[in-house]
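Colleague: Right, I'll just put the structure down here and ask away after.
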Amino acid sequence: MKSKIKFLAFLFCGLIVMLSTAWMPVPEKKSDSEVFTPPSGRYLYVAVPGIRNYLGYGGHGILVFDIENNHKFVKRIKTQGLLPSGIPSNVKGVAVSVQLNSIYVSTLQTLQRIDLSTEEILWEKSYEGGTDRMSISPDGKTMYLPSLEKTFWNVVDCETGEVIKKVEVVQRAHNTIYGPSGKHAYLADIASPYLHVTDTKDHTIIKKIGPFRDGIRPFTINSEETLTFVNVDNLLGFEVGDLNSGKVLARVTVEGWNMGDVRRHGNPSHGIGLTPDEQEVWVSDGHNMRMHIFSTKPPYQQLSTIPLQDMPGWITFSLDGKYAYPSSGEVIDVKTRKVLLTLQDEFYNNVASEKMVEVHINNNKVVAAGDQFGIGRATKQITSVK
């Protein structure tokens, strides 16, 4: 009898425990995509996969690095841009609208707008002809979005993603720069030796710069929009164009290094940028895995060369001009030419991308942003975070 009473008491106690447990509040599980907004500061936003669709260079998403803390990895922002199979598509471009507090990422097929405070994907849209490397107006309202090497650019409303106008050019729309003045956009069609210039009031082509020696690949411009420095097909080096007269001023060849096979882009020099003070132009060398540095003043003296860990296909700079960011992943001290470190993600994998942009955040809002093209900034005051 006693054993039976003990057994019933045990069952009763067990039932009480079960009931009390069932009514206990369950702690809310934090989402994997929970937003952690970085504190006020200067950050490098790197979109990946930013070298073709190679996930081995940093995976998928937007990687955020703290510029003021030795470029330490901060976080990964989840993005879309997936193929029907679920595999991430190639990232083709990245740009920021300060006024809309948004970052935009283009892939082969779509364009995404992401709020930089909430990290919410506000929209993702596909466009006729695909999407390539875009550029946004200084007022943050308008984007020139090239089709994927088709005959036209789409002019897009940055808030809604709607197409405002289609600008027909030649055959292979590609790289794009919206001028710092906001008055002109510069369109590089790979199939053309001319750089096309639009009037952004009505988005019509008003002039052509050139002809350059071959099809135009990456290019950059100075802050006054008087000069362009251009990579062209089949040249290890660059050409210089006058944006006022439309004439080609010079053709500059890298000395001491030979052209050879490259793994991507099919061009000896794919990647060019001006230091923000516009004193130097940095030029990529894919075959020799180098960055060559030249003076921007005639006769464009070759100043130095820097070895890199991988083939560079792009180059841009921090807004203050202190750091250079080749797409091979190094952070280079512009003054000393020394490689300071290599960007690494949360898994300590080296990160490389041709699509990165500097973003300044203050009180959870974007207050300034750089540009993926490494354009000159000598006459533009940079608003930074105090």
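Colleague: Looking only at residues in the range 250-272 that are touching a residue at least 40 places away in the same chain (Cβ under 8 Å) and part of a strand (DSSP E or B), which one is nearest to residue 290 (Cα to Cα)?
Modeller: Result: 272.
Colleague: Within the bounds of the range 345-364, is there any residue that is among the small types (Gly, Ala, Ser) and in contact with a helix residue (DSSP H, G or I) (Cβ under 8 Å, 6 or more places away or on another chain)?
Modeller: yes
Colleague: How many residues are under 17 Å from residue 174 (Cβ atoms) and touching a Gly at 6+ places or on another chain (Cβ under 7 Å) if we restrict to the range 124-151?
Modeller: Here the count works out to 6.
Colleague: Still on this structure, I have one more. Residues to consider are 339, 262, 357; find the one that is β-branched (Val, Ile, Thr), in contact with a Ser or Thr (Cβ under 9 Å, 6 or more places away or on another chain) and at pLDDT 95 or above.
Modeller: Step by step, each of 339, 262, 357 is checked, and only 357 is β-branched (Val, Ile, Thr), in contact with a Ser or Thr (Cβ under 9 Å, 6 or more places away or on another chain) and at pLDDT 95 or above.
Colleague: Hey, among 237, 182, which residue is touching a residue at least 40 places away in the same chain (Cβ under 8 Å) and either within 22 Å of the chain's Cα centre (by Cα) or open to solvent by 10 Å² or more (accessible area, probe 1.4 Å) (or both)?
Modeller: From the options 237, 182, the qualifying one is 182.
Colleague: Do you know which of the residues in the range 254-267 that are under 23 Å from the mean Cα position of the chain (by Cα) and more than 21 Å from residue 187 (Cα to Cα) is most open to solvent (accessible area, probe 1.4 Å)?
Modeller: 263
Colleague: Give the residues of the range 130-142 that are part of a strand (DSSP E or B) and farther than 25 Å from residue 51 by Cβ, sorted by residue number.
Modeller: 142
Colleague: Output the residues belonging to the range 206-216 that are among the hydrophobic types (A, V, I, L, M, F, W, C) and either on the phi > 0 side of the Ramachandran plot or open to solvent by 70 Å² or more (accessible area, probe 1.4 Å) (or both).
Modeller: Hit for the range 206-216 is 206, nothing else.
Colleague: Quick check, is residue 251 of a type outside the set (Val, Ile, Thr) and within 24 Å of the chain's Cα centre (by Cα)?
Modeller: Taking the combined requirement at face value, the residue does not satisfy it.
Colleague: Among (1) without any contact (Cβ under 8 Å) to a residue 12 or more places away in the chain; (2) buried (at least 19 other Cβ atoms within 10 Å of the Cβ), where does residue 278 come up short?
Modeller: All conditions are met except number (1).
Colleague: Out of everything in the range 161-173 that is closer than 20 Å to residue 112 by Cβ and either in contact (Cβ under 8 Å) with a residue 12 or more places away in the chain or touching a helix residue (DSSP H, G or I) at 6+ places or on another chain (Cβ under 9 Å) (or both), what residue ends up being most open to solvent (accessible area, probe 1.4 Å)?
Modeller: Once the filter is applied, the top-ranked residue is 164.
Colleague: Scan (1) under 18 Å from the mean Cα position of the chain (by Cα); (2) farther than 28 Å from residue 233 by Cα for the single condition residue 130 breaks and write down its number.
Modeller: Among (1) under 18 Å from the mean Cα position of the chain (by Cα); (2) farther than 28 Å from residue 233 by Cα, the lone unmet condition for residue 130 is (2).
Colleague: Starting from residues that are open to solvent by 30 Å² or more (accessible area, probe 1.4 Å) and of a type outside the set (Ser, Thr, Tyr), keep the ones in the range 122-142 and report whichever is farthest from residue 176 (Cα to Cα).
Modeller: Of everything passing the filter in the range 122-142, 122 is farthest from residue 176 (Cα to Cα).
Colleague: From the list 92, 75, which one is part of a strand (DSSP E or B) and surrounded by fewer than 18 Cβ atoms within 10 Å (Cβ to Cβ)?
Modeller: 75
Colleague: With surrounded by fewer than 18 Cβ atoms within 10 Å (Cβ to Cβ) and of a type in the set (Gly, Ala, Ser) as the only criterion, which of 245, 284, 223 stands out?
Modeller: 245
Colleague: Can I ask one more? Among the numbered conditions (1) open to solvent by 10 Å² or more (accessible area, probe 1.4 Å); (2) at pLDDT 95 or above, tell me where residue 107 comes up short.
Modeller: Single failed check for residue 107: (1).
Colleague: A follow-up question, please. Looking at (1) of a type in the set (Val, Ile, Thr); (2) surrounded by fewer than 19 Cβ atoms within 10 Å (Cβ to Cβ); (3) modelled with pLDDT of 95 or more, which one does residue 379 not meet, given that it meets all the others?
Modeller: (3)
Colleague: Then there is this: Would you pick out the residues in the range 284-325 that are assigned to a strand (DSSP E or B) and among the basic types (Lys, Arg)?
Modeller: 290
Colleague: Of the numbered conditions (1) of a type in the set (D, E, K, R); (2) at negative phi; (3) open to solvent by 20 Å² or more (accessible area, probe 1.4 Å); (4) free of Cβ contacts under 8 Å to residues at least 60 places away in the same chain, residue 330 fails exactly one; give the number of that condition.
Modeller: Tallying (1) of a type in the set (D, E, K, R); (2) at negative phi; (3) open to solvent by 20 Å² or more (accessible area, probe 1.4 Å); (4) free of Cβ contacts under 8 Å to residues at least 60 places away in the same chain, residue 330 fails exactly one: (3).
Per-residue answers, yes or no, for (1) over 19 Å from residue 348 (Cβ atoms); (2) open to solvent by 60 Å² or more (accessible area, probe 1.4 Å); (3) touching a Lys or Arg at 6+ places or on another chain (Cβ under 6 Å); (4) not in a strand (DSSP E or B):
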{"position": "45", "(1), (2), (3), (4)": "yes, no, no, no"}
{"position": "59", "(1), (2), (3), (4)": "no, no, no, yes"}
{"position": "62", "(1), (2), (3), (4)": "no, no, no, no"}
{"position": "84", "(1), (2), (3), (4)": "yes, yes, no, yes"}
{"position": "111", "(1), (2), (3), (4)": "yes, no, yes, no"}
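The values are calculated or read from the model by the stated rules, or taken from the named source; none is laboratory data. As the structure is a prediction and not an experimental result, all values here were calculated from the model. Heads up, the Cβs are rebuilt from the backbone with ideal geometry, glycines too, and the neighbour counts pull from every protein chain shown. Ligands, DNA and RNA are excluded from the accessible area calculation, which covers all protein heavy atoms including side chains. Shrake-Rupley method; radii C 1.70, N 1.55, O 1.52, S 1.80 Å.
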